[in-house]
Amino acid sequence: MSSPQGQMKYEQQPLFIGGQRHKTTNTFQTIDPACNTPLADICQADKASIHAAVEAGKNAFPSWSATPPMERSRILLRAVKLLRERNDELATIETHDTGKPFTETSTVDVVTGADVLEYYANLIASGGLNGETTQLRPDAWMYTTKAPLGVCAGIGAWNYPIQIALWKSAPCLAAGNCMVYKPSEFTPLHALKLAEIYMKAGVPPGVFNVVQGAGDVGALLTSHPGIAKVSFTGQVSTGAKVASSAASGMKYVTMELGGKSPCIILPDANVEDAVDGAMMANFFSTGQVCTNGTRVFVPESILPAFEKRLLEKMVHVRPGDVMDPSTNFGPLVSEVHSQKVQKYIAHGIEIDKAKLLYGGLGKPTLPPGVSPNGFWVRPTIFTNCTDTMLIAREEIFGPVMCILPYPAHHPSYLSSLIRRANDTSMGLAAGVFTRDIDLAHKVVAQLQAGITWVNTWGESPAEMPVGGWKMSGLGVENGRRGLEGWVRNKSTLVEMGGTVGTVFAKL
Ligand code: NAD
């Protein structure tokens, strides 16, 4: 698709290397998912520009890593202020690039990214990078120090572009590292803005660099010998490739990957809350959330009440003009992704033969004036699903809920339910809805997932470490533990008695 440059919403996006905008000859386009028109030309990185970005990071590292944490903190807090001042401008860019409604991007995406930057800026100013000291004997003690890793790669997915960029760069820069960041090729527009905000806040040139492009650019970055760590967010299959490439260079990795998370409604749950939770867990961001609870386990005893209330509430899922304050459901990010989701819906109807409760194939009814060319899919609910159905096993990453009814009259129902909930190769998130708080904790303790919720779904504040179990990832982002992924440890034993022991002493 081509469009004269002048008609595009945004200027051409150069790379950002060593504090400078950096143009390349090859470009690609980013598309507005709400109307399928190009938004901007994006400069594509090549081997030379990736190398230049890593070198810029290497040059900046000695000084940035030696900058006292208090001073780094002050600089990063200035960036937080700029992000918050420019919230709506940045949210508008995210809405154009992702198709997510402005009601979401203006209240979640930039906000939660800035929160994490604020959290780490405050953490490093209050001893977050301190080590431990242990007195071993009166004349011997041991201490540990935390050292930054060097130049790190951040590779992002398209569902929360600026949030992902901040969740990676905040602890990375706070710990004294430099970053070369590559956003998803589907949502590249936030990256230059963020780089310029960092610069304006006082982050020195070369500390945060941006390269653009698809998987080939990501692969070159991951395998570059100057990269000390790769922090990756994306699909399990891509994560496996990235982790194996990083392993050959013994690089540190953080892997934030996909999921097929169970949302467990227990028989005593408040149906109203359970329905709200299940809707949050499936239709927020048009279902493009890694932690979605797409397998909704509902006891047969409350299934009719649950489905009835769910159907009543589906009228509140409102597709429309993505900038309209009443719209809370947007198109999917790209044509290829909408085709993938439609294929899963077709599979659910034709092959899995699940009962279609709501939605289905095709586009939703759109209000007058909204372009029908957007990458829309209908919010869809299947019920009477079984564990072996493809739609209940694979990550769809779209607005497709699978209800899996279960019998709860036998006393052993809970162990069978937990076994089913854990019967997946992934383990990103899980949640339980019940009024019995003891039972909630007993269930949570047995769920194989890195992120769990009780009587809620989806909130992921800066203080909360998040990361998957099993194939859903390695390591965590956010919280105190999130900082540990960006430093290496050094242990030092000090002997003040003037001897290294008597093993080789003269007899
Ligand atoms: P993807 O794996 O297709 O792409 C992610 C990124 O990897 C992109 O920037 C892409 O260009 C890059 N890439 C592709 N091949 C590469 C390679 N060989 N080497 C290096 N980089 C490469 O994922 P996506 O479709 O953009 O994102 C959706 C996925 O992300 C879903 O599975 C979702 O669950 C997951 N996700 C996980 C989290 C989390 O925190 N666990 C958060 C958001 C999204």
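The values are calculated or read from the model by the stated rules, or taken from the named source; none is laboratory data. These numbers were taken from a predicted model, which means no experiment stands behind them. Please note: Cβ atoms are built from the backbone with ideal geometry, for glycine as well, and neighbour counts cover all protein chains shown. Heads up: the accessible areas ignore ligands, DNA and RNA and are worked out on the full protein's heavy atoms, side chains in. Shrake-Rupley method; radii C 1.70, N 1.55, O 1.52, S 1.80 Å.
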Part-to-part distance (alpha-carbon centres) for segment 312-370 and segment 189-236, which is given in Å: 33
Electrostatic dipole magnitude of the chain [Cβ: Lys, Arg +1; Asp, Glu -1; Cα centre; debye, to 20]: 1080
Cα gyration tensor, segment 240-396 - rounded (a/c under 1.5), prolate or oblate: oblate
Heavy-atom accessible area ranking, 1.4 Å probe, most first, across His22, His96: His22, His96
Cβ-based net charge around Glu132, under 12 Å, with every Lys or Arg adding one and every Asp or Glu removing one: +2
Ranking by accessible area, most exposed first, for His190, His51 with a 1.4 Å probe: His51, His190
Residue (of Ser338, Ser73, Pro148) at the positive-pole extreme of the chain, dipole from beta-carbon charges: Pro148
log₁₀ of I(q)/I(0) at q = 0.19, 0.23 Å⁻¹ - segment 80-133, Debye sum with one point per alpha carbon: -0.64, -0.79
Estimated FRET transfer efficiency when R0 is 56 angstrom, pair Leu366-Ile437 (beta carbons, to 0.05): 0.85
For q = 0.05, 0.11, 0.12 Å⁻¹, Debye-computed log10 I/I(0) when each Cα of the chain counts as one equal scatterer: -0.21, -0.94, -1.09
Per-selection metrics, segment 168-270 (Cα): Rg and Dmax in Å: 16.9, 57
Inverse of mean 1/r across different Cα pairs in segment 152-226, Kirkwood, Å: 12.3
Debye, to nearest 20: dipole size of segment 258-360, +1 on Lys, Arg Cβ, -1 on Asp, Glu Cβ: 320
All lysines inside 28 Å of Lys308 as judged from Cα atoms, apart from same-chain residues fewer than 8 positions distant: Lys100, Lys260, Lys343, Lys353, Lys355, Lys363
Cysteines having no other Cys beta carbon under 4.7 Å from their own, within the chain: Cys35, Cys43, Cys152, Cys172, Cys178, Cys263, Cys290
Total charge dipole magnitude, segment 364-507, about the Cα centre, Cβ charges on Lys, Arg, Asp, Glu only, Debye to nearest 20: 300
Kirkwood-type radius of segment 76-171, with distances r between different C-alpha atoms, in Å: 15.5
Gln29 paired with Glu459, simple spin-label distance in nm, labels 7 Å along Cα-to-beta-carbon: 4.3
Under 15 Å, Cβ to Cβ, from Phe61 - net charge with Lys/Arg +1 and Asp/Glu -1: +3
Length released on extending from Tyr413 to Arg318, taking residue separation times 0.36 nm less the Cα-Cα span: 30.5 nm
Neighbourhood charge, 10 Å Cβ-Cβ cut-off, centred on Arg420 and excluding it, Lys, Arg +1 and Asp, Glu -1: 0
